[in-house]
Amino acid sequence: MASWAGGIWLTPFGPSIWGTYWLPFLIVGLIFALFLAAIPPSREEESTVELVNQEKEMAKRRKAFLALSIFLWVFLGLLAAVIIIRYLA
């Protein structure tokens, strides 16, 4: 969706294939993929010793999962809005 949203807002350029300019979509998709690849992986070290309070750790993970889920759906909603606005404008 990021490639689609970015590609429709850029001025068409590059070679036309079957009447469509694909280069803006390809470039936006590549830039977005590079941003995702630049995010470092989580390196949370876990002890081999029994955790004292596993419930607190599980609650912490649930909160992180919920926050990321909300961010994902808001981000997808914004991308959908950008796409719809471009086609209606």
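Quick note: the coordinates plus some simple rules give every number you see, no bench work behind them. Note that the coordinates shown come from a computational prediction; the quantities given were computed from them, not determined experimentally.
Fully extending the segment from Ala59 to Tyr21 would add 8.9 nm, taking 0.36 nm per residue of separation and subtracting the current Cα-Cα distance. In the chain, helices alone account for a calculated mean residue ellipticity at 222 nm of -23000 deg cm²/dmol, with every DSSP H run of four or more residues adding -39,500 (n - 2.57).
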